[in-house]
Amino acid sequence: MSANEVEILLVEDSPDDAELALHALNKENLARRIQLVRDGEEALDFVFCRNAYAGRSFDDPPRVVLLDLKLPKVDGLEVLRAMKADPRTRTIPVVVLTSSKEERDLIESYHLGANSYIQKPVDCNQFRETVKQLGLYWLLANVPLPRVSSAKPEA
């Protein structure tokens, strides 16, 4: 899989939560084109096609980003802020998937442009079911914005 074929960008630092999410997506055959990154800095590198992901193109964004908030290096709110501030990435749907029960995280996430905010269920089966439903909705039911080339039109 090339980085340009990613449909889901999973930003998750917890190995257990990442494994549960990948298992749920695999069970529904939704994980064929998923990219897992473990911190906010790597998420920004992926989304903005830089450093290890410099070969990626803005013309092939992920269809959805599943974003944890409590991340090493750069927190999830900063990732969300950067994505929604840039016209090249503003329209990528971002689902905050977090264990945070802080009301300020919920309010700030929506204020910054999150498309959804979901508190991770504590129960493993409920967590897998939640991730499965997210994948089914964002990849099968949701109609994405048509991709527009970032190249400038010819005069």
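Throughout, read-outs are computed from the coordinates displayed, never taken from laboratory work. The structure displayed is predicted, hence computed values, not measured ones. In this analysis, Cβ positions are derived from the backbone assuming ideal geometry, glycine residues included, and neighbour counts consider all displayed protein chains.
Does the range 61-77 hold any residues that are surrounded by fewer than 17 Cβ atoms within 10 Å (Cβ to Cβ) and either at positive phi or outside any loop (DSSP other than H, G, I, E, B) (or both), and which are they? Residue satisfying the conditions is Lys73 alone. Against the condition assigned to a loop (DSSP other than H, G, I, E, B), under 16 Å from Leu134 (Cα atoms) and of a type outside the set (S, T, N, Q), how does Ile92 come out, does it pass? When the stated conditions are applied, Ile92 passes them. One residue stands out in the range 32-55 among those that are out of contact with any Phe, Trp or Tyr (no Cβ under 7 Å at 6 or more places or on another chain) and touching a residue at least 40 places away in the same chain (Cβ under 8 Å): the one that is surrounded by the fewest Cβ atoms within 10 Å (Cβ to Cβ), namely Gly55.
When Phe58 is tested against (1) of a type in the set (Phe, Trp, Tyr); (2) outside any helix (DSSP H, G or I); (3) free of Cβ contacts under 8 Å to residues at least 60 places away in the same chain, only condition (3) is not met. Filtering the range 78-99 to residues that are surrounded by fewer than 19 Cβ atoms within 10 Å (Cβ to Cβ), hydroxyl-bearing (Ser, Thr, Tyr) and under 19 Å from Asp60 (Cβ atoms) leaves only Thr91.
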